[in-house]
């Protein structure tokens, strides 16, 4: 029997799951859309992972969760470790690229930069206040231009003369884009300009004041877009590495972290369980804390969101 | 009947309401505790681009007025804040409220005589001695409370029994407010200082230490920083914070030349409000081997925006981890928690790395 370690990264747009062994080899992996329902997405991921390891004798002994729904899913799966995505990404990437110095990560809703020297994280930054230049911006603009976001990269590469599109703020970028389209720019030039503006926006906002040294690894959903990769390489004037498993780095990282945790008995039967979440507005003061209760088969397993003891939901 | 009220700033409402009550002989009801509703009301009536302390204050004023208050007090400050009293007064009058409005600090200076006559308006029988005695009492109250807070921040992350510090502080503030004598107040301070030091803690010698710097309101009002200090305490971190009322009221002015001297490599002139102070604090925290620095400010805080590039440069030179928070109405606390957790991991990883390197050498 092989011991397996499950890592799940539940992002705003996509959910990623991997099972690794002691030597960090990926035994099974799955990537699908969250579609606004993290619990359902995780159940689907688990089902597919279970299918992939059916023939091998693998027993999952530890579970880690990361991503924006890490707490909810961690509670449901009774995870041994719940880690923020910044640390998880750094650990995952370091396991494959021990020499990496800069990690560029652009996901669906957020983007971050992680600086690593001598194998330790020395600095990081995450986008603040607005989701400018992230995956969701690209996909909404793809819809406007009537192309699939998956084709964006290939179309962008055909352009010789990218349109100049404002990079500071996506609201301005959008009006720039409409304007450029109306005055007769080619579609591929606009798309290439858009990819360039995502890269510029990232470098101006998230990576502002940070020293970007080689080797640079670009990951997250947007790294699948070769147009943006190309834009980064042109602006930074260096090579930017992308990994075919780049989107699994967060899940891989948290699975590696789970190796060090205490072993638990995990069963895929959890797919069959019924999980319901309810939100309550605490009535005790005008703050009206939103309390989230997680029920497993009708039984409360955890609740959070209250700022004081008065809002505590008693376990039944 | 006059009902006096004023906006919140951490726990300072206790000495302030005592002072107002004892000098004016009127009913004093501080604004209701800050909640999400406060900031909702505040941001509804405030100009959109104004910084978040204004929105909290305006929300406090409106909730006070709804509570029946008809006399409002406010302070002034060194940045845009000095103009906020006038702006909020106009907004409140436009909303149709009827009230008297008093500013404690006008034109950046706290003038004792002016304030005395201001209080004389409210209470014609006020004697200068009573006024002066209560002023001294309040100053000592704030001073003692700030010193106790310093001890609390050092130890609260390591208490053996949860909420020991909070309970004792509540008890202390209650006993502080029951006395009228300055001598007794200070005796009480020593008694409680002793008790605070006796609270059982399990503090490792090499615990993580983080300094909080930044704009004054977000540093002192826990609600506005989404209870940053509480979150840090939960992670077993020792906290150092320079900003408190005692600092702002009397230490700041005589520190200026010293701060300019220490930060001479980076700034030649004060940056307005607490900008220079934060550059100085950054240098001090790095000198004192703090593991990391957290800088907080409201979104759009101009003096701090001027200070940030300088602070960033210092931290880059000295390889000191720093985390910047910019608060506004819409900032969700989930994002803040994620960044804090990552910061905590980063500090821990660095610690381990340095320990290993030292043991190897």
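From helices alone, chain B scores -18000 deg cm²/dmol at 222 nm; the rule is -39500 (n - 2.57) for each run of n ≥ 4 DSSP H residues, then divide by the residue total. With Cα atoms defining each centre, the range A:227-272 and the range B:32-71 are spaced 44 Å apart in the structure.
Roughly speaking, what is the stretch gain from residue A:214 to residue A:32, that is 0.36 nm per residue apart minus the C-alpha to C-alpha distance, in nm to one decimal? Spell out each step's value before the answer.
Working: separation 182, 0.36 × 182 = 65.52 nm, distance 3.09 nm.
Going from the current span to full extension adds 62.4 nm.
May I ask you to order A:101-111, B:175-185 by the average number of other C-beta atoms within 10 Å around their residues, highest value first?
For the peptides A:101-111, B:175-185, the packing ranking is A:101-111, B:175-185.
Using 0.36 nm per residue and subtracting the Cα-Cα separation, the extra length available between residue B:21 and residue B:197 on full extension is 60.1 nm.
Computed on the Cα atoms alone, the convex hull of the range A:99-242 gives a volume of 94 cubic angstrom per residue.
Per-peptide packing, taken as the mean over residues of other Cβ atoms within 10 Å, places B:215-221, A:274-280 in the sequence B:215-221, A:274-280 from highest down.
Using only the Cα atoms of the protein assembly as shown, construct the convex hull and provide its projected area averaged over every direction, in square nanometres to one decimal. Kindly include the intermediate steps, with their values, before the conclusion.
On the way: hull surface 139.1 nm².
In nm², the orientation-averaged hull projection of the protein assembly as shown is 34.8.
Taking A:42, A:254, A:178 in turn, the Gaussian network model of chain A (Cα-Cα springs below 10 Å) assigns the largest fluctuation to A:178.
For the range B:91-169 versus the range A:274-316, the spacing of their alpha-carbon centroids is 37 Å.
Could you work out, residue by residue across A:299-312, how many beta carbons of other chains sit within 10 Å of that residue's beta carbon, and then give the average as an integer? Each step should come with its number before you reach the end.
On the way: counts 0, 0, 0, 0, 0, 0, 1, 0, 7, 0, 1, 0, 0, 0.
Partner Cβ neighbours, averaged per residue: 1.
Taking every DSSP beta bridge with both residues inside the range B:3-126, roughly what % is antiparallel (nearest 5)? Roughly 10 percent of the DSSP beta bridges within the range B:3-126 come out antiparallel. Semi-axis lengths, largest first, of the ellipsoid equivalent to the range B:89-173 are 36, 20, 13 Å, with √(5λ) applied to each eigenvalue of the Cα gyration tensor. DSSP assigns beta bridges within chain B; of those with both partners inside it, close to 10 percent run antiparallel. With a cut-off of 20 Å, note down the residues of the range A:54-86 whose backbone N falls inside the zone around a label point 7 Å from the Cα of residue B:352 toward its beta carbon. In the range A:54-86, the label zone of residue B:352 (backbone N under 20 Å from the point 7 Å along Cα→Cβ) covers A:62-67, A:80-86. Can you give the average number of partner chain beta-carbon atoms within 10 Å of each beta-carbon in peptide A:118-125, as a whole number? Across A:118-125, the average partner-chain Cβ count within 10 Å equals 5. Relative to one another, the C-alpha centroids of the range B:315-352 and the range B:217-292 are positioned 16 Å apart.
When both bridge partners sit in the protein assembly as shown, DSSP labels roughly 50% of those beta bridges antiparallel.
Before anything else, pin down the relative contact order of chain B: Cα pairs under 8 Å, at least 6 apart, normalised by residue count, whole percent.
On the way: 463 pairs, mean separation 57.0, N = 361.
That works out to 16 percent.
Axis angle, to the nearest 10 degrees, between helix B:333-360 and the longest C-alpha principal axis of chain B: 40 degrees.
A full extension of the chain between residue A:157 and residue A:296 corresponds to an added length of 45.1 nm, given 0.36 nm per residue minus the alpha carbon distance. Which parts of the range A:19-40 would a label at residue A:56 reach, counting a residue when its backbone N lies under 17 Å from a point 7 Å out along Cα-to-Cβ? Only A:19-31 pass the distance filter. Using the Cβ-Cβ distance between residue B:330 and residue B:123 with R0 set to 41 Å, the FRET efficiency works out to roughly 0.45. Mean per-residue shielding of peptide B:33-45 is 2, counting Cβ atoms of other chains within 10 Å of each Cβ. Note on residue B:95 and residue B:178: the model spin-label points, each 7 Å out from Cα along the C-beta direction, lie 3.7 nm apart. Relative to the longest principal axis of the Cα atoms of chain B, the long axis of helix B:128-155 lies at roughly 20 degrees. Rounded to the nearest 10 degrees, the inclination of helix A:170-182 to the longest alpha-carbon principal axis of chain A is 40 degrees.
What is the spin-label model distance, in nm, from residue B:254 to residue B:190 if the labels are put 7 Å beyond Cα along the C-beta direction? Spacing of the two 7 Å Cα→Cβ label points: 2.2 nm.
All of the numbers you see were taken from the coordinates with simple rules; none came from a lab. This is a predicted model, so every value here is computed, not measured. All Cβ positions, glycine included, derive from the backbone under ideal geometry; neighbour counts span all protein chains shown.
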